[in-house]
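A.B. asks: I'd like to ask you about the structure that follows.
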Amino acid sequence: MTPLQPSTLAQADVIIRQYPQKRSATMPLLHLVQEDRGHITPEDMAWVAEKVGVTPMQVLEVVTFYPMFRQHAIGRRHVKVCRTLSCALRGSYELMESLEKALQCPRGSTSPDGNFTLEFVECIADCGCGPVVQVDHTLHENVTPASAENFVQKIRASLQDPNYGKTAPQPNTPEWKG
Amino acid sequence: MAAVERPIIYANLRKPGYTVDLDCYLKHGGYEALKKAVAMKPEEVCKEVETSGLRGRGGAGFPTGMKWKFLDRKSGKPAYLVVNADESEPGTYKDRQIIYQDPHQMIEGIAITAWAIQAKQAFIYIRGEFQHGAKILERAIAEAKSKNFLGANILGSGYSCEVVVHRGGGCYVCGEETGLIESLEGKRGYPRIKPPYFPAVLGLYNCPTIVNNAETMAQVKHVLALGGTEFAKIGIPGDSGTHIWGVSGLVKRPGLYEIEAGKATFGELLYDLCGGPLEGRQFKAIIPGGSSTKILKFGERFKGKLPNGTEFDWALEDIPLDSNSIAACGTGLGTGGTIVIDDSVEMIQALSNLNAFYAHETCGQCTPCREGSLWLSRVSKRITTGGGMESDVPLLLDIANQVAGRTICAHGEAVAWPVQSAVPKFKDEYVESIRRRQNGEPLPKLKLI
Ligand SMILES: Cc1cc2nc3c(=O)[nH]c(=O)nc-3n(C[C@H](O)[C@H](O)[C@H](O)COP(=O)(O)O)c2cc1C
Ligand code: SF4
Ligand code: FES
């Protein structure tokens with residue numbers, strides 16, 4: 001297993017110091033690990049446990065409670081389609097069906113080429129612009145079944161972009177809103 | 001009279017060229033209210049908020065000044081301020097705009113509130129999906145510290161306060177204040193039982209804690225800027241200030257509309273501001289204040305008495321947009337996230353969609369909520385997939401009646417209320433949906449589950 005990056009390790013101590021009680025740093029450290037590695041391993045949990053002074057089981061309890069934490073690797077792009085009522089009224093179920101075909105990936109799974117993980121998620125607080133789709137950290141609004149093809153082209157193109165996810169988001173762009 | 005917006009919270013962020021930078025905020029009069037506040041005694045700041053009549057914007061509408069009064073000051077333990085930026089109630093997307101477009105407005109409110117309750121440490125609990133929002137807030141906090149609006153010895157007052165941004169993990173129940181506190185302590189977000197765990201007495205680390213919504217903090221800034229008495233003149237007695245209506249679903253112009261409390265009606269909001277129904281459609285129902293509030297049906301009459309004794313007889317379109325009027329119609333203003341449903345929608349699918357949400361989000365501590373939410377979700381789904389029986393309709397109501405009022409946190413009510421309000425109003429349509437599937441008749445094009 002690849003070790004965590006030095007910047008992750010350095011940041012961990014800064015984070016812990018922000019809290020009156022170390023245990024509060026559990027979730028921030030898990031986010032940090034997941035951003036570094038893409039998912040959270042048992043070794044990572046043991047590391048977090050030692051850092052915040054709890055047992056690995058107490059960290060596992062946290063990991064399994066929160067839907068954003070994952071214990072397994074996912075595709076290169078994580079495509080999360082909001083399925084809650086406001087977005088559903090604007091067509092998110094039909095959108096999901098067309099994305100399943102276009103990405104060759106049934107909902108809740110990773111495409112065979114490892115490029116996409118496609119999921120339904122619950123409301124992501126952008127209900128007036130539905131259907132909304134969050135791809136990694138980027139929020140795409142008004143992705144209607146009609147504009148699905150265009151959207152798929154965009155995220156496919158992003159696979160070839162060497163700077164993907166590396167630039168700072170600019171105001172009023174999809175990255176900014178994510 | 002056509003409805004008019006009166007943006008106060010959104011006034012600046014809507015201006016072209018307005019940015020999240022401190023310089024821009026200062027050019028728009030930023031942190032003047034904080035200067036005013038630290039020149040006053042903390043008790044005087046609390047008094048201003050009480051006089052203003054401000055009610056919390058997190059959904060329950062509890063008077064903010066009164067909440068602050070409950071803070072236990074006798075124990076001698078440190079007090080904490082926790083800002084609820086979890087924004088997870090379906091249909092709600094108002095706090096997002098403040099966080100992403102005007103973070104300093106909220107941070108100024110936090111600094112004022114922290115001073116008022118004498119908290120030396122504040123936390124902003126932000127939903128995990130707002131990765132970038134968390135960074136915007138962190139940057140804004142650093143800017144505020146650099147100008148001495150936060151941190152050590154704020155504006156030379158001798159008082160210090162740190163603010164930490166804490167990201168959640170995509171869990172609805174962590175918006176509930178005690179679940180949020182558990183989560184902030186690094187545990188599963190299991191809500192705590194009240195009593196004894198009233199946050200104002202036994203909150204974060206078992207210390208006295210005030211939990212307020214993100215928008216409530218922005219409102220506090222304006223209470224101080226205007227003074228409590230002037231603020232109370234906005235809106236109506238019993239509900240002061242503006243409400244942000246986040247309209248979503250099937251209208252021409254979904255969006256966020258900031259309106260003085262009680263100064264417009266649902267009809268004006270939905271027709272004048274939102275442009276009415278989509279072409280060729282008719283409105284059928286609204287869920288007025290986030291998915292957990294009770295549904296209202298077009299064509300219903302609402303009759304009764306307001307708290308001040310006035311009798312009313314309204315159509316849905318006539319209901320004034322203030323918390324007392326909306327509560328008098330049997331539902332709640334909640335978060336102001338109004339979900340609009342039109343005649344293209346099959347109501348059992350809409351209900352099934354929400355039932356699936358609550359079944360996904362129950363934390364599982366209480367049997368009625370855990371089992372009830374799953375059962376409701378399965379029964380409504382089985383109707384939509386053709387396995388339903390007519391007896392499923394009263395069954396839905398029966399299950400919901402066994403959940404509300406029997407649980408640790410208000411998620412139990414959130415599970416029950418959509419069902420308890422929709423079944424009596426739409427049962428004929430549900431029965432029709434069952435029959436249609438039994439007969440193999442064509443189904444509506446729009447799929448919601
Ligand atoms: C299941 C559930 C979810 C909630 N989610 C939120 C939320 O996302 N944001 C929020 O501010 N309040 C939420 N609340 C309300 C909080 O418990 C609390 O009342 C509120 O943060 C208090 O702030 P206020 O007094 O400023 O309104 C939720 C309540 C429940 C029962
Ligand atoms: S009511 Fe539901 S969400 Fe709330 S504590 Fe009980 S099981 Fe958990
Ligand atoms: S319902 Fe999709 S973002 Fe809220």
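The values are calculated or read from the model by the stated rules, or taken from the named source; none is laboratory data. Note that the coordinates shown come from a computational prediction; the quantities given were computed from them, not determined experimentally. FYI the Cβ positions are ideal-geometry reconstructions off the backbone, even for glycines, and counts take in every protein chain you see. Accessible surface is based on the protein model in full, side chains and every heavy atom, while ligands, DNA and RNA are left aside. Shrake-Rupley method; radii C 1.70, N 1.55, O 1.52, S 1.80 Å.
A.B. asks: Evaluate the following for A:Leu139: is it of a type in the set (A, V, I, L, M, F, W, C), in contact with a Lys or Arg (Cβ under 8 Å, 6 or more places away or on another chain), within 27 Å of A:Pro169 (Cα to Cα) and within 11 Å of another protein chain (Cβ to nearest Cβ)?
C.D. replies: For A:Leu139, the condition - of a type in the set (A, V, I, L, M, F, W, C), in contact with a Lys or Arg (Cβ under 8 Å, 6 or more places away or on another chain), within 27 Å of A:Pro169 (Cα to Cα) and within 11 Å of another protein chain (Cβ to nearest Cβ) - is met.
A.B. asks: Further question on the same structure: Within the stretch B:274-373, considering only strands (runs of 3 or more DSSP E) that don't extend past its boundaries, which have at least 2 residues that are within 20 Å of B:Lys447 (Cα to Cα)?
C.D. replies: Ranges flagged: B:283-287, B:337-342.
A.B. asks: Next up: Taking the conditions exactly as written (touching a residue at least 40 places away in the same chain (Cβ under 8 Å), more than 16 Å from ligand 1 (Cβ to nearest atom) and surrounded by 20 or more Cβ atoms within 10 Å (Cβ to Cβ)), does A:Thr138 satisfy them or not?
C.D. replies: Considered against the rule, which asks whether it is touching a residue at least 40 places away in the same chain (Cβ under 8 Å), more than 16 Å from ligand 1 (Cβ to nearest atom) and surrounded by 20 or more Cβ atoms within 10 Å (Cβ to Cβ), A:Thr138 comes out as yes.
A.B. asks: Still on this structure, please answer the following. Given (1) surrounded by fewer than 17 Cβ atoms within 10 Å (Cβ to Cβ); (2) in contact (Cβ under 8 Å) with a residue 24 or more places away in the chain; (3) within 16 Å of ligand 2 (Cβ to nearest atom), identify the lone condition not met by A:Thr64.
C.D. replies: Here A:Thr64 meets the rest and fails (2).
A.B. asks: How many residues are open to solvent by 50 Å² or more (accessible area, probe 1.4 Å) and part of a helix (DSSP H, G or I) if we restrict to the stretch B:44-61?
C.D. replies: 5
A.B. asks: Here is a follow-up. For the stretch B:173-208, which residues satisfy the criterion of being open to solvent by 10 Å² or more (accessible area, probe 1.4 Å), assigned to a helix (DSSP H, G or I) and either closer than 20 Å to B:Cys369 by Cα or facing another protein chain (nearest Cβ under 8 Å) (or both)?
C.D. replies: Answer for the stretch B:173-208, where residues must be open to solvent by 10 Å² or more (accessible area, probe 1.4 Å), assigned to a helix (DSSP H, G or I) and either closer than 20 Å to B:Cys369 by Cα or facing another protein chain (nearest Cβ under 8 Å) (or both): B:Gly175, B:Glu177, B:Glu182, B:Tyr205.
A.B. asks: Scan (1) crowded, with 20+ Cβ neighbours inside 10 Å; (2) more than 14 Å from chain A (Cβ to nearest Cβ); (3) within 16 Å of ligand 2 (Cβ to nearest atom) for the single condition B:Thr64 breaks and write down its number.
C.D. replies: For B:Thr64, the exception is condition (3).
A.B. asks: Scanning for something within 13 Å of chain A (Cβ to nearest Cβ) and part of a helix (DSSP H, G or I), does the stretch B:153-164 turn up at least one residue?
C.D. replies: Scanning the stretch B:153-164 turns up no residue that is within 13 Å of chain A (Cβ to nearest Cβ) and part of a helix (DSSP H, G or I).
A.B. asks: Separate question: Every residue in the stretch B:400-423 that is assigned to a helix (DSSP H, G or I) and farther than 18 Å from B:Ser291 by Cβ, please.
C.D. replies: The one that is assigned to a helix (DSSP H, G or I) and farther than 18 Å from B:Ser291 by Cβ: B:Asn401.
A.B. asks: For residues that are within 14 Å of another protein chain (Cβ to nearest Cβ), open to solvent by less than 40 Å² (accessible area, probe 1.4 Å) and over 16 Å from the mean Cα position of the chain (by Cα), tally how many sit in the stretch B:226-253.
C.D. replies: Number of matching residues: 3.
A.B. asks: Across the stretch A:24-50, what is the total count of residues that are surrounded by fewer than 18 Cβ atoms within 10 Å (Cβ to Cβ) and among the small types (Gly, Ala, Ser)?
C.D. replies: 2
A.B. asks: Take the residues of the stretch B:428-445 that are under 16 Å from B:Ser380 (Cβ atoms) and in a loop (DSSP other than H, G, I, E, B): which is most open to solvent (accessible area, probe 1.4 Å)?
C.D. replies: Step by step, filter the stretch B:428-445, then rank; the result is B:Leu443.
A.B. asks: Also, quick follow-up: Of the conditions (1) open to solvent by less than 10 Å² (accessible area, probe 1.4 Å); (2) within 14 Å of chain A (Cβ to nearest Cβ); (3) part of a helix (DSSP H, G or I); (4) not acidic (Asp, Glu), B:His132 clears all except one; give me its number.
C.D. replies: Failing condition for B:His132: (1).
A.B. asks: Another one. I'm told B:Gly304 meets every condition in (1) open to solvent by 10 Å² or more (accessible area, probe 1.4 Å); (2) on the phi < 0 side of the Ramachandran plot except one. Can you identify the failing condition by its number?
C.D. replies: (2)
A.B. asks: Please enumerate the residues belonging to the stretch A:108-127 that are more than 11 Å from A:Arg83 (Cα to Cα) and either within 7 Å of another protein chain (Cβ to nearest Cβ) or in contact (Cβ under 8 Å) with a residue 12 or more places away in the chain (or both).
C.D. replies: Hits for the stretch A:108-127 are A:Gly108, A:Thr110, A:Ser111, A:Gly114, A:Asn115, A:Phe116, A:Thr117, A:Leu118, A:Ala125, A:Asp126.
A.B. asks: Suppose the filter is outside any loop (DSSP other than H, G, I, E, B) and surrounded by fewer than 16 Cβ atoms within 10 Å (Cβ to Cβ); does A:Lys80 pass it?
C.D. replies: no
A.B. asks: Right, another one. Right, B:Ile383: part of a loop (DSSP other than H, G, I, E, B) and either within 16 Å of ligand 2 (Cβ to nearest atom) or crowded, with 23+ Cβ neighbours inside 10 Å (or both) or not?
C.D. replies: In short, no.
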